[in-house]
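To start, the structure itself, in structure tokens.
All of the numbers you see were taken from the coordinates with simple rules; none came from a lab. Source: prediction; values computed, not measured. Cβ placement follows ideal geometry from the backbone for every residue including glycine, while neighbour counts extend to all protein chains displayed.
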Amino acid sequence: MKNSFQAKTIFSLSQLALVFFCGMVSQIVHAKWDEERDMTANGKEELVYYYKTNEQNQKLVLDKYVKRLIFIRPDKLYKRSIKQIKIDGVSVDVNSDPFSHYPEQTAIVFENKDEMLKKLFLAKKIEFNVLYGREEAVSIFLIK
């Protein structure tokens, strides 16, 4: 009887340890992107956005609600377009659309939104070729 109780206790503790370990691993996976919380306009719902900032003080926001990326670059050259990004070295064609009320922000949209969001969330390196008229600049975000 004592051995049966000990075996059940050990089994329960090992199951608990497994659940705890899986929870920690999931935290590590989600910790690659920083989190920013915002309330909706009516104040009833809290929204969570994931973002990364690079060394040039540029910000990349992963908007899971509209299923897009938002590239933020505080500069004087507001007219920019992004036609292609690289996710872990793989080129992806995209469309970009600047925000009229926030000229430092550019929305980046994809054809297959759900698949791209998964790839972006798991990515280690995202590169942008940003066109300012005829000038081209490269922006790199490392996600660790």
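Roughly how many debye, to the nearest 20, is the charge dipole of segment 33-142 about its Cα centre, given +1 on each Lys and Arg Cβ, -1 on each Asp and Glu Cβ, and no other charges?
Values: 19 positive and 19 negative charges, 37 e Å.
Approximately 180 debye in magnitude.
Among residues other than residue 126 whose Cβ falls under 11 Å from its Cβ, what is the net charge (Lys/Arg +1, Asp/Glu -1)? List each step's numbers first, then the result.
Working: positive: 52, 86, 119, 124, 125; negative: 88, 127.
So the surrounding residues net to +3.
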Any lysines with Cα under 21 Å of the residue 32 Cα? List them, leaving off those in the same chain fewer than 8 positions away.
52, 59, 64, 67, 86, 113, 118, 119, 124, 125, 144
